[in-house]
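Notes for the one structure printed next.
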Amino acid sequence: MSSTYSSTGPHIHSQDSIARTMWSIAVALLPATVVAVWLFGPYALYLVFATAVASALIEIPFDPDRFSLRLPLGDGSAFIAGMILGLSLAPTSAWWVPIVGAALMVIVGKYVFGGLGNNIFNPALVARGILLLSWPNQITRWISPVDGATSATPLSGLDVGYLPLFVGNIPGSLGETSVVALLLGALFLMTRGLISWRVPVSVLTGAAVTAAILGIDPLFTVLSGSLMFGAVFMATDMVTSPTGKTSHLIYGAGCGFLTVVIRRYTAYPEGITFAFLLMNGLAYLMDRIGADPIFGQVEERKRRVYRAVLLAAAVALMALLAAAGFIGRTLIADRYLDAARERSITGAYPQATRVAEATSYDPAVTMYRVYEERRPVGYFGHTTVNGYGGPMQVSVVLDLDESVRSVVVGQNSESPTVGTEVRTSGFLAQFSGFDPQSRDSLFDEVESISGATVSSRAVIRAVERVLAAREEAVHEDVAVGMPADSLADGVYRGSGRGYGGEIVVLVTVAGERVTAIEIEDHSETPGLGDSAMHTTIERILDAQSLDVDSVSGATGSSRGLRAAVEAALAGN
Amino acid sequence: MPGIRKFPIGGTHLPENKDLTTGSPIRALDPPARVVIPLKQHLGVPCKPIVSPGERVSVGQLIGANKEGLSARIHSSIRGTVTAIERHSMVDHSECDCVIIERDQNTDNQTPAPDSRTPIKGPDAPVPDADTVRERVEEAGIVGMGGAAFPTHVKLQVRKDTPIDSVIINGAECEPFITTDDRLMQERAAELFRGLEIIRITVGARTGYVACEINKPEAIKRIVEESARWPHLEAVRLDTRYPHGAEKHLVKAVLDREVPIRQLPMSVGVLVNNVQTAIAVTDAVDHGIAVTSRVLTVSGSVVSHPGNFQVPLGMSLGDLVAAAGGPAEDDYRLVVGGPMTGILTDDFSIPVTKSTSGVVLIRPGEYADRSAEVCIRCGRCVSVCPMYLQPNRITTFVRNDMTEEAEEFGVNDCILCGACSFVCPSRRPLLQWLREGKAKSAVLADDRRRRNPV
């Protein structure tokens, strides 16, 4: 651009420039880069710097004026965007990913919009978004920095403590894993006045609060995935974030909120790419609605406070109403459910003393096991189906051999004159004796009530669903009974074959009862298998029987544990 | 003693460069061979000359006045002969009628030395009634000597609907290099407090304050000492931050009162005066001395002997720089006023006026060369703006002729402090564009008036 000479001042200038700003950000990215190389090896260095250098080189033909002998890699804007993109790649990315990514970033992310300062969306995130959609396995194939094995990340279920999340020796993108390194970079940027604390702090706060509301661990949310990396280096991108103080806070909170919502409710384990891109698009709007009152707009300031109070009051009122509605609805439903359950259980098992949740292979079916004293006597399945006039709750009572003992239709909105006919014993009695094996013939053998076909078929569907949910459980090869009553007090060792290998347990018998089961050795999947084994132990101790359901998703581990306990008790 | 005060948001730290001159005592300059005294050194209408070529004049003799409209009287600054009344260029690129006076060959030391203004009256001395004070101030031709040049006798006329309860002396002096008020507070604190007391009683205020940034420890020491003698006057320490000297920000820092936009400090019961103005009030009221000279700083690392000088009005910038030993290097730029808000010029014949606060010679390394790279939206201009504006956005509107949007975002509330331009990493001439925006807005306002006459 042409040199403008101004006679109106100021005639002095801070020593700041675009190049100085950008290269300072590059320095702030160094700790994360060093940790990436330490954790993932020298290939990480290639991925980060190949992306950065390629970005700078690709920019040359578009904007040659930014490059000189003094600044061979330009003013650094492309270079740091490249570093950020590189640090957001998976450690196993192919050699060409940095180059393709850099090209996408510089061309699509930046120069399509007119180059530096004109792009609406963060170029690194644009490139990352395109890569994510085009080559998902290149971007999200994580390896563990400890053993190099392909692994899930903490976000997709890997169970790790807070300390590894903080240090960074966990699977993830190159630069995102170490919170310590990222905080170091953030500290540098803040002391140099290059970023305001408002953006990262509001991103993290927004995410933590949203997580807490949705019942997710807020600390885990903040420490895991690329949230910290994004909060420090992506949300703070100067060109694509708002410029004002209040607008920084709104923008940051929005980024954090959307990230957690995407993590929780979509197929993507990490949400920052799309969350931040969306907020980028709103940056100018934020600057408008978040514009601080001008110094001296005394009345406007008062109006803002008044409006903020009104808004807060309205939000609080809405929340109160929603909470009241939610609680009321739950109370009503629970009471009804309890009543229906009570009726069906006491009707079928007058001696029942206790119910415990049992395995269900259909999330729409809640399954309980019914006990008389310590002895399981049958099952009780509950589900909701759509009838003629809306949802209809159906409870099915099963014998221990899983055949239908009785069916109870609970709350429904069926037409009062006709729909209620499904409740007449003539119809419901037809279900007796059906079991998971014979459920396919339900539709042929159960006769619908004429004039209430839709409602009848809904009940049939419900019974079929409950039976189907038990089907797999029936096929499980389980030992029945636990002959602890014939054993002397003592500790017995036994082993069984689990999913990952041998499971060895120590079973304590006292007063003809199994009082404790301790796992001595196992090779089950961390976070999944071991928790399943502990659940199974609780169930065995609870029922004083090996006839307990497997934990869904970890049947192998559950079965292996039961086999080990059985072996321990039988071995004498 | 209250703690250090500051305005809440915005502002920036500048390289101060005050150590060049903060320790050099004010030196009265000998009258130059020739002075060019402009007949308009104030806000308002020009004075009419009341002398004619060939007439002999003495120091302090009235040479220009105007009974109609807002103006301040002009006096001769040397003893000599009027040679001409002609147009001459001013520092703001305008032209103005000036009285040219040539010095008598056989006289020397015409400037009254500071010690001739004795005795300095203390806290117990009576203050003349308000009309007398205003009359003497008007006769002395006093204007705001910080740069605004508003006639002081008008400022001391309190309107009934806006009573004044506080008077603040603005000793913030937040411009780099300039140490004029700094030295005056060190050397003439007693007269400063007397002047403040006169102003305080004249406008009927309860309290008077002398506010000074903490980067001037010697000045602070003196005003704190002095304030102990005056029951109604206080010394206030301000944090060092640009632009504390801006009137509205000074009021906010000292009294925590926010002056509503497009209104004067008067609207919140405050009157703000410059240090040198208050001293001039003492001179006028107690000693009957008119404004014929002013103290200013000549500084910059290029200047051979930077210092603070008592300069006869009408002395040319050339003579002034020569009196400071002249430039030691060839490569420099001349700024009249401070380097933040002053005006760059290469015309050394421009005369010193009542509102010239300093002259700074800037070295090449300090130049603010504006290359106007693209805005990277870093937001630093927003964070330093003491008026909480968005300079990046306003200037974009200005440059695209979207004047109404620029107005909506507050272009007319800009105080032209230049903090945004100073910090911009893309070195965009934001202040220049903001000035353009104000000019465009004024044109638009004229159009609106013409279309819809009230």
Charge dipole of the stretch B:175-265 built from unit charges on the beta carbon (Lys, Arg +1; Asp, Glu -1), centred at mean Cα; most positive-end Cα among B:GLY204, B:ILE220, B:PHE193 is B:GLY204
Which value at 222 nm does chain A reach when only helices count, each DSSP H run of 4 or more adding -39,500 (n - 2.57), with the total divided by all residues and rounded to the nearest 500 deg cm²/dmol?
-> -15000 deg cm²/dmol
Once you have all Cα-Cα distances for the stretch A:18-289, histogram them in 10 Å bins from zero and send the whole-percent values.
-> 7, 32, 40, 18, 3, 0
Cα principal axis extents for chain A, largest first, Å = 98, 63, 43
Under unit Cβ charges (Lys, Arg +1; Asp, Glu -1), what dipole magnitude, rounded to 20 debye, does chain B have relative to its Cα centre?
-> 920 debye
Can you list the residues, at least 5 places off or on another chain, whose amide H is less than 5 Å from the amide H of A:ASP547, using H built in the peptide plane?
-> A:GLY481
Neighbour net charge for B:SER383 - beta-carbon separation under 11 angstrom, K R +1, D E -1 | +2
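Membrane-span-like helices in chain A: DSSP H runs reaching 27 Å or more (Cα, own axis), mean Kyte hydropathy at least 1.6? Write down the numbers at each step before the final one.
On the way: long enough: A:18-40 (32 Å, 1.77); A:245-265 (30 Å, 0.48); A:298-348 (74 Å, 0.42); A:453-475 (33 Å, 0.19).
Those that pass (Cα extent of 27 Å or more, hydropathy at least 1.6) are A:18-40.
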Where in chain B are the DSSP H helices whose alpha-carbon span along the long axis reaches 24 Å or more and whose Kyte-Doolittle mean is at least 0.5?
-> none
Would you list B:TYR367, B:TYR209 from fewest to most Cβ contacts within 10 Å?
-> B:TYR367, B:TYR209
From the cross-link list B:LYS121/B:LYS221; B:LYS6/B:LYS440; A:LYS302/B:LYS252; B:LYS40/B:LYS67; A:LYS302/B:LYS248, the entries with a Cα-Cα span beyond 25 Å are B:LYS6/B:LYS440
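Counting partner chain Cβ atoms within 10 Å of every residue's Cβ in B:417-424, what's the average? Walk me through the numbers on the way to the answer.
On the way: counts 2, 6, 1, 1, 8, 7, 5, 5.
Per residue, the average neighbour count from other chains is 4.
Among DSSP bridges having both ends in chain B, what percentage is antiparallel? Round to the nearest 5. Before the final figure, lay out each step's value.
On the way: 37 of 60 bridges.
Bridges in chain B are about 60 percent antiparallel.
What is the magnitude of the charge dipole of the stretch A:264-336 about its Cα centre, with +1 placed on the Cβ of each Lys and Arg, -1 on the Cβ of each Asp and Glu, and no other charges, expressed in debye to the nearest 20? Don't jump to the answer; show the numbers that get you there.
On the way: 9 positive and 6 negative charges, 56 e Å.
For the stretch A:264-336, the charge dipole is close to 260 debye.
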Per the Kirkwood treatment, what hydrodynamic radius in Å, one decimal, follows for the stretch B:284-428 from the mean inverse distance over all distinct Cα pairs?
-> 17.6 Å
Using the 10 angstrom Cβ neighbour count as an exposure proxy, how do A:ASP292, B:ASP131 rank, fewest first?
-> B:ASP131, A:ASP292
Rounded, prolate or oblate: pick one for chain B, where a ≥ b ≥ c are the square roots of the eigenvalues of its C-alpha gyration tensor, a/c under 1.5 means rounded, and failing that, prolate if a/b is larger than b/c, else oblate.
-> rounded
Could you give the alpha-carbon Rg of the stretch B:380-451 over 2.2 N^0.38 Å, rounded to two decimals?
-> 1.07
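Might you report the magnitude of the Cβ-based charge dipole of chain A about its Cα centre, with Lys and Arg at +1 and Asp and Glu at -1, to the nearest 20 debye? Please list the in-between numbers first.
On the way: 38 positive and 51 negative charges, 551 e Å.
It comes to approximately 2640 debye.
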Cysteines without a disulfide-compatible partner in the protein assembly as shown, using Cβ under 4.7 Å as the rule?
-> A:CYS255, B:CYS47, B:CYS96, B:CYS98, B:CYS174, B:CYS212, B:CYS375, B:CYS378, B:CYS385, B:CYS414, B:CYS417, B:CYS424
Can you list the aspartates and glutamates whose alpha carbon is less than 16 Å from that of B:LYS216, not counting same-chain residues fewer than 8 positions off?
-> B:GLU16, B:ASP19, B:GLU173, B:GLU175, B:ASP181, B:ASP182, B:GLU187, B:GLU225, B:GLU226, B:ASP239
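Taking all pairs of different Cα atoms in the stretch B:190-331, averaging 1/r and flipping that mean, what Kirkwood radius in angstroms comes out? Write out the running numbers ahead of the final one.
Details: mean 1/r = 0.0578 Å⁻¹.
Result for the stretch B:190-331 stands at 17.3 Å.
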Specify which residue in the list A:THR92, A:LEU30, A:ILE195 is farthest towards the positive end of the charge dipole of the stretch A:18-289, using unit charges on the beta carbon of Lys, Arg (+1) and Asp, Glu (-1), about the Cα centre.
-> A:ILE195
20 °C / 1.002 mPa s Stokes-Einstein diffusion coefficient of the protein assembly as shown, Kirkwood radius on C-alpha pairs, µm²/s | 60 µm²/s
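Before rounding to the nearest 500, sum -39500 (n - 2.57) across all DSSP H runs of length at least 4 in chain B and divide by the residue total; then give [θ] at 222 nm in deg cm²/dmol. Don't skip to the answer; put the middle values down first.
Working: 13 runs with 125 residues, N = 454.
So the calculated ellipticity at 222 nm is -8000 deg cm²/dmol.
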What is the Cα centroid distance between the stretch B:306-327 and the stretch B:400-443, reported in whole angstrom?
-> 34 Å
Answer rounded, prolate or oblate for the stretch A:483-570, using the Cα gyration tensor with square roots of eigenvalues a ≥ b ≥ c: rounded when a/c is under 1.5, else prolate when a/b is larger than b/c, else oblate.
-> prolate
Starting from the exponent 0.38 and prefactor 2.2 Å, build the expected Rg for the stretch B:1-81 from its residue count and divide its actual Cα Rg by it.
-> 1.74
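Taken together, the values in this text are just the output of simple stated rules run on the coordinates, not laboratory data. All figures in this text were calculated on a predicted structure; none of them were measured in a lab. All Cβ positions, glycine included, derive from the backbone under ideal geometry; neighbour counts span all protein chains shown.
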